[in-house]
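Notes for the one structure printed next.
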Amino acid sequence: MNLKTYAFIDASNLFYGGEKSLGWKIDYKKLFVYLQKKYGAKKILYFGGVEIESFKYDYLKNESVPLRSLEKYITDYIRRFGPKMDEAQLLLLSRHVKRIKFYLKLHEFGYKLFLKPVKIYHQENGNTQRKANCDVDLAFHLMKEIEMYERVLVLSGDGDFLPVLKHLRTVGKQVIVLSRGS
């Protein structure tokens, strides 16, 4: 049986659950091809966060952070203020540009990107935590696209999706969760 399949990727869970915690290096082009060949994925949606610095982003007008505009903004910012910045600031901004280029490459591979600005949370102990909080977006799109697929793949180890995935099964969708063990 050839079911119309969509794949939904929780980027932070894939990164922290695989690349960062296990030391895995994910080849995203091969992952895209694998999801197409093994599961027949017709659409692969990728939910993640991107550092935007002081770039003006309008949540109401944009479904995703406009990467080309953001890349131009940051590179222009570096050109303009780079000589006045210290090495750490320049390194941080160059990492942001590198991440943007990574996302542009994912787009070239065929991923449908849903990128939100990363927010910085200051904790009581003085540490900071960076989060994009894409879970609601992923859950929203699982439901928004519900009539478009018969089977859904969710690449995440995040139990937050359980209520939505249970509902999808209840309405007759086949649900496959791909995650690291444990």
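Annotation: of all residues in region 93-115 being free of Cβ contacts under 8 Å to residues at least 24 places away in the same chain and not charged (D, E, K, R), the one that is farthest from K42 (Cα to Cα) is S94. The set of residues from region 116-143 being without any contact (Cβ under 8 Å) to a residue 40 or more places away in the chain, touching a Phe, Trp or Tyr at 6+ places or on another chain (Cβ under 9 Å) and of a type in the set (D, E) is empty. Here is the figure for region 140-181: residues that are surrounded by fewer than 18 Cβ atoms within 10 Å (Cβ to Cβ), among the hydroxyl-bearing types (S, T, Y) and modelled with pLDDT under 95 total 1.
Kindly evaluate L70 against the criterion of being in a helix (DSSP H, G or I), touching a helix residue (DSSP H, G or I) at 6+ places or on another chain (Cβ under 8 Å) and either surrounded by 18 or more Cβ atoms within 10 Å (Cβ to Cβ) or in contact (Cβ under 8 Å) with a residue 60 or more places away in the chain (or both). Let's see the steps before the verdict.
On the way: in a helix (DSSP H, G or I): yes; touching a helix residue (DSSP H, G or I) at 6+ places or on another chain (Cβ under 8 Å): yes; either surrounded by 18 or more Cβ atoms within 10 Å (Cβ to Cβ) or in contact (Cβ under 8 Å) with a residue 60 or more places away in the chain (or both): yes.
Yes, satisfied.
Which residues, taken from region 144-166, are in contact (Cβ under 8 Å) with a residue 24 or more places away in the chain and not in a strand (DSSP E or B)? Walk me through it before giving the result.
Here is the first cut: in region 144-166, the ones in contact (Cβ under 8 Å) with a residue 24 or more places away in the chain are 145-146, 148-158, 160-161, 164.
The answer is E145, I146, M148, Y149, E150, S156, G157, D158, D160, F161, V164.
Filtering region 165-181 down to residues that are small (G, A, S) and more than 15 Å from R151 (Cβ to Cβ), which residue is farthest from the chain's Cα centre (by Cα)? Break it down stepwise before answering.
Initially, region 165-181 is screened for residues small (G, A, S), giving 172, 179, 181.
Narrowing the set further to residues that are more than 15 Å from R151 (Cβ to Cβ) leaves 179, 181.
Working: S179: 15, G181: 21 Å.
Among them, the one singled out is G181.
The values are calculated or read from the model by the stated rules, or taken from the named source; none is laboratory data. Bear in mind the structure is a predicted one, so any value in this text is a computation, not a measurement. Glycine also receives a Cβ, built like all others from the backbone with ideal geometry; neighbour counts cover every protein chain displayed.
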